[in-house]
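Undergrad: Please read through the structure below; I'll follow up with questions.
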Amino acid sequence: MAKTKELSKDTRNKIVDLHQVGKTESAIGKQLGLKKSTVGAIIRKWKTYKTTDNLPRSGAPRKISPRGVKMITRTVSKNPRTTRGDLVNDLQRAGTKVTKPTISNTLRRQGLKSCSARRVPLLKPVHVQARLKFAREHLDDPDEDWENVIWSDETKIELFGKNSTRRVWRTKNTELHPKNTIPTVKHGGGNIMLWGCFSTKGPGRLIRVKERMNGAMYREILSENLLPSARALKMKRGWVFQQ
């Protein structure tokens, strides 16, 4: 059915004015070139609500029932990596047919947004506690102390697409929650390993690790690259190495 053009407020007010001076709905319709049913609807609305303004509309009903919304919200809360396609299939099995954009809009209204999963080091609980302990102990250290520190780390760069982006459904400020991250490891196949160091004054050396990292190789890397980096960065006497 074609959508009819909405009457202007001036026209609606004119209908009411003519009605108040005693004109019939048929006469008003002929004078203004409108259907009698349209005139009657405007007059009934004015009698009921004492206004000719447009009233708030309820809009189209939601395609997903409240129960369905709870179901998909619970699903992505348990497994943030659930895809929209998975949720479409879940709802279809429950008797509700929707599209992927509908899934996105529904979850967004629940405060959930599709975001790229953060990649973080794979840490054991003991490592997590050690890092928290270090952070708390040095939380109030002055900025000058950090200017005398050289930091180092290794990283792995995948060569064959294993670093492809994965998306998760999450709420604001939960990007580092374990369920919303992708654990990474330092060693593995199909990649290159890099070691580098830096300080507040800038980057130090960056080298490729061509063999599997072990204690002997790590000590060799430090002996060949750490001191030259400290000299190039013009670190002060008594500088600290933090790995």
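Undergrad: Which condition number does Thr99 fail, the rest of (1) surrounded by 12 or more Cβ atoms within 10 Å (Cβ to Cβ); (2) over 26 Å from Arg205 (Cβ atoms); (3) among the hydroxyl-bearing types (Ser, Thr, Tyr) being met?
TA: It fails just one condition, (1).
Undergrad: Restricting to the range 189-243, name every residue that is out of contact with any helix residue (DSSP H, G or I) (no Cβ under 9 Å at 6 or more places or on another chain), among the basic types (Lys, Arg) and not in a loop (DSSP other than H, G, I, E, B).
TA: Arg208, Arg219, Arg231
Undergrad: Next up: For residues that are under 51 Å from the mean Cα position of the chain (by Cα) and free of Cβ contacts under 8 Å to residues at least 12 places away in the same chain, tally how many sit in the range 7-24.
TA: Of the residues in that region, 2 qualify.
Undergrad: When the residues of the range 174-197 are narrowed to those that are at pLDDT 85 or above and over 30 Å from Lys236 (Cβ atoms), which ends up surrounded by the most Cβ atoms within 10 Å (Cβ to Cβ)? I'd like the intermediate steps shown before the answer.
TA: Within the range 174-197, the subset at pLDDT 85 or above is 174, 193-197.
Remaining after also requiring over 30 Å from Lys236 (Cβ atoms): 174, 193.
Values: Thr174: 13, Met193: 18.
Applying the filter and picking the extreme gives Met193.
Undergrad: So which residues in the range 106-121 are closer than 17 Å to Asp86 by Cβ and polar (S, T, N, Q), if there are any at all?
TA: Correct list: Thr106, Gln110, Ser114.
Undergrad: Still on this model: Of all residues being modelled with pLDDT under 90 and not in a helix (DSSP H, G or I) in the range 1-40, which is surrounded by the most Cβ atoms within 10 Å (Cβ to Cβ)? Just the residue, please.
TA: Leu7
Undergrad: The conditions are (1) more than 30 Å from Ser65 (Cα to Cα); (2) surrounded by 11 or more Cβ atoms within 10 Å (Cβ to Cβ); (3) not small (Gly, Ala, Ser), and Lys133 fails exactly one of them. Which is it?
TA: (2)
Undergrad: Then there's this: Can you name the residue in the range 41-96 that is in contact with a Phe, Trp or Tyr (Cβ under 8 Å, 6 or more places away or on another chain) and more than 23 Å from Asn180 (Cβ to Cβ) and is also surrounded by the most Cβ atoms within 10 Å (Cβ to Cβ) among such residues?
TA: Per the stated criteria, the residue is Thr52.
Undergrad: Looking only at the range 152-173, which residues are among the basic types (Lys, Arg) and modelled with pLDDT of 80 or more?
TA: The answer is Arg167, Arg170, Lys172.
Undergrad: If you don't mind, another one. All but one of (1) under 27 Å from Thr171 (Cα atoms); (2) modelled with pLDDT under 90 hold for Ile103; which doesn't?
TA: All conditions pass for Ile103, except number (2).
Undergrad: Oh, and also: Regarding the range 218-236, can at least one residue be identified that is at pLDDT below 90 and either within 38 Å of the chain's Cα centre (by Cα) or not assigned by TED's automatic domain parsing to the domain that holds Asp145 (or both)?
TA: No - not one qualifying residue is present in the range 218-236.
The values are calculated or read from the model by the stated rules, or taken from the named source; none is laboratory data. None of the values given here were measured: they were computed from a predicted structure. With ideal geometry, Cβ positions are generated from the backbone for all residues, glycine too; neighbour counts draw on all protein chains shown.
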